[in-house]
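What follows is a single structure, written as structure tokens, with notes after it.
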Amino acid sequence: MAKSDFEEEIIPEDNIIIIEDDIEPTPSEEPTPEPTEEPEPTEEPKEQKTITYKEKTVTIPKSTVAEANSSEDAEKDKKTGGEQVSQEKAEEMFENVGQKSMGIDVSAHQGNINWREVKNSGVDFAMIRVGFRGQTEGKIYEDKYFKTNIKSAIANGIKVGIYFYSTAINEEEALEEAGWVVNKIAPYNITYPVVYDFEDFGRYRCTGVGGNEATKNALTFLNYVKSKGYEPMMYANKNDITRKMSRSSFSCKFWLAHYTENTDYKGSFNMWQYTSNGHVPGISGRVDMNIAYFNYGKVAEAKHTHNYNTLVGKENPATCTKTRKQNI
């Protein structure tokens, strides 16, 4: 898709991110004990009931916590793939990459996580699902393990980012989602980006959502998030970003999902989800594993992520296609 008519909404960011094949982790079967230490975040503010942004006014829905394995959770049907990778193997795969940080992304599908063990394994960051929009009725749900995950990850020294799994069918719904996310994450130290994740082309309530509409929805979400002080990032798999949307429409960071040892994606991206078959101590079952071609020197304060200039070293925005002890 060529640059769109809504290009003026593109986030004026230097960083770009691309996403590839989406993967869904399986729920853990054996709960692991939670670490004893938990942070005390600031008191959760009263949720803003309505927001107005760029001449759109929407009502923010009240929080509802989803049941584990909810039938409304479209992410549970996500494709899985990639080779089996341990955290130790991941470090070896990307040994000679310069600026980087190693991470995972988690949701209720991982069940109870022992975050102390995760930290000790060498994980630098975790992208934590805050919630999702239901696949049929369109209601917004909080991830069952969101608060437990974010508190325990931060308490154990793991930097966190956020993702929201969207099934928005128009810009108004995307704005609802963005406002809901900002309200929900306000008490916590969000160091890594806040991510818009849309994958349901031709499925469920999104059967009529094409690439043009999905791009406009994503830009609405990402620009609102940025206006509230968070660094935005777009997530997509290789097929969706090349066949349904266009990388050039997003000037923010891009998180590519492509389950392979050597991605052949030609666009630029800043984070790569390279397998859904990861194995990390502290997590029962498999987990998505990621490499970010950037990192941060300190934890961000609550209510906003880092100023973009506080990156440690120089970020490498080039296409990253090589792994396994190969220089990038």
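Kindly provide the set of residues from region 156-187 that are open to solvent by 10 Å² or more (accessible area, probe 1.4 Å) and either among the aromatic types (Phe, Trp, Tyr) or not in a loop (DSSP other than H, G, I, E, B) (or both), ordered by number.
Lys159, Glu171, Glu172, Glu173, Glu176, Val182, Asn183
Does region 188-205 hold any residues that are open to solvent by 10 Å² or more (accessible area, probe 1.4 Å) and assigned to a strand (DSSP E or B), and which are they?
none
Taking the stated definitions as given, is Asp264 in a loop (DSSP other than H, G, I, E, B) and surrounded by fewer than 24 Cβ atoms within 10 Å (Cβ to Cβ)?
The answer is yes for Asp264.
Taking region 84-100 on its own, how many of its residues are crowded, with 19+ Cβ neighbours inside 10 Å and small (Gly, Ala, Ser)?
1
Give region 206-216 a look and list any residue that's surrounded by fewer than 18 Cβ atoms within 10 Å (Cβ to Cβ) and hydroxyl-bearing (Ser, Thr, Tyr), or say none.
Thr207 - this is the single residue of region 206-216 that is surrounded by fewer than 18 Cβ atoms within 10 Å (Cβ to Cβ) and hydroxyl-bearing (Ser, Thr, Tyr).
Checking the condition of a type in the set (D, E, K, R), in contact with a Lys or Arg (Cβ under 9 Å, 6 or more places away or on another chain) and over 16 Å from Glu75 (Cβ atoms), which residue from Glu172, Glu177 passes?
Checking each option against the conditions leaves just Glu172.
Would you confirm whether any residue within region 303-317 is modelled with pLDDT under 90, out of contact with any Asp or Glu (no Cβ under 7 Å at 6 or more places or on another chain) and of a type in the set (A, V, I, L, M)?
Looking through region 303-317, at least one residue is modelled with pLDDT under 90, out of contact with any Asp or Glu (no Cβ under 7 Å at 6 or more places or on another chain) and of a type in the set (A, V, I, L, M).
List the residue pairs whose Cβ atoms are under 6 Å apart, where the first residue sits in region 251-263 and is in contact (Cβ under 8 Å) with a residue 12 or more places away in the chain and among the β-branched types (Val, Ile, Thr), the second is open to solvent by 30 Å² or more (accessible area, probe 1.4 Å) and in a loop (DSSP other than H, G, I, E, B), and the two are 6 or more positions apart or on different chains.
Here the result reads Thr263/Thr321, each pair linking region 251-263 to a residue that is open to solvent by 30 Å² or more (accessible area, probe 1.4 Å) and in a loop (DSSP other than H, G, I, E, B).
Output the residue which, of all residues in region 111-127 that are open to solvent by 40 Å² or more (accessible area, probe 1.4 Å) and in a helix (DSSP H, G or I), is nearest to Lys147 (Cα to Cα).
Across region 111-127, the extreme among qualifying residues is Arg116.
Within region 237-252, work out how many residues are part of a helix (DSSP H, G or I) and surrounded by 19 or more Cβ atoms within 10 Å (Cβ to Cβ).
5
Given the conditions (1) within 25 Å of Asp124 (Cα to Cα); (2) surrounded by 18 or more Cβ atoms within 10 Å (Cβ to Cβ); (3) under 17 Å from the mean Cα position of the chain (by Cα); (4) not β-branched (Val, Ile, Thr), which single one is not true for Leu219?
Only one criterion is unmet by Leu219, namely (1).
The values are calculated or read from the model by the stated rules, or taken from the named source; none is laboratory data. All values reported here derive from a predicted model rather than from experimental measurement. Note that each Cβ is placed from the backbone with ideal geometry, even for glycine, and that neighbours are counted across all protein chains shown. Just so you know, the surface numbers come from the protein's heavy atoms only, side chains and all, with ligands and any DNA or RNA stripped out. Shrake-Rupley method; radii C 1.70, N 1.55, O 1.52, S 1.80 Å.
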